[in-house]
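What follows draws every value from the coordinates through simple rules; no lab data is involved. Because the structure is a prediction, the values reported are computed rather than measured. Positions of Cβ are backbone-derived with ideal geometry, glycine not excepted, and every protein chain shown enters the neighbour counts.
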Amino acid sequence: MAKGLYLGTLMVGIDQVVFGGKAPWTLRHQHADHECLKPAAECKPIDYPKPDGKLTFDRLSSVFISNTNHAEDQPVHLRLQSSEIPVQVNLRRYAGPEARFCPAGVYEFVVSEEGRERLQINAQNCLHCKTCDIKDPAQNIDWVTPEGGGGPNYPNM
Ligand code: SF4
């Protein structure tokens, strides 16, 4: 990470100071974001500090503050191409990344009474950030444009 940080800082400096913000090149990443996700077995768990309720908040409190709302009968805007992939691939191999990267807790792995794992989608909380469409390792989630009028509503912004 430090290498990217220093290189990025240097590039921004050259762009701004030497070229006045009009550098004649565009930096591109070599891979799509979803191709870069590593299997959970190759990663060390991160011990995040608990939210303090003053500067940092848990996800559902943040969703509440965003005034996110959707009409109950709105068309589905989060679709799975396969209902098996979330458990068979994402949960088994990547420890359920959709339940981690979604800032609104929309994706939740639950266990049915019969002991069967499945992905539950709480679309009502969706903040329309589109992260799931970009980051899902199997590209199994189709985010389609939501019905107008719903989503987050920050009244003071
Ligand atoms: S668009 Fe963003 S908030 Fe909505 S489900 Fe996807 S990751 Fe979550």
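Put simply, when 22-30, 133-141 are sorted by average Cβ atoms within 10 angstrom per residue, most first, you get 133-141, 22-30. Scaled to the globular estimate 2.2 N^0.38 Å, the Cα spread of segment 56-102, given as radius of gyration, is 1.49.
Cα centroid separation, segment 1-31 to segment 60-78: 37 Å.
When the helices of the chain are scored as -39500 (n - 2.57) per DSSP H run of n ≥ 4 and the total is divided over every residue, the value at 222 nm lands at -4500 deg cm²/dmol.
The phi-based Karplus calculation (6.51 cos²θ - 1.76 cosθ + 1.60; θ = phi - 60°) puts the 3J(HN,Hα) values of segment 7-16 at 5, x, 4, 4, 5, 5, x, 5, 4, 6 Hz, whole numbers, x for Gly and Pro. Other residues lying with their Cβ under 12 Å from the Cβ of residue 43 contribute a combined charge of +3, Lys and Arg counting +1, Asp and Glu -1.
Positive contributions from Lys and Arg (+1) and negative ones from Asp and Glu (-1), summed over other residues with Cβ under 9 Å from the Cβ of residue 109, come out at -2. Its residues counted as N, the chain yields a C-alpha radius of gyration over 2.2 N^0.38 Å of 1.28. Sorted largest first, the spans of the alpha carbon positions of segment 1-70 along the three principal axes are 44, 35, 28 Å. Scoring 110-121, 40-51, 87-98 by mean Cβ neighbours within 10 Å over their residues and listing the highest first yields 87-98, 110-121, 40-51.
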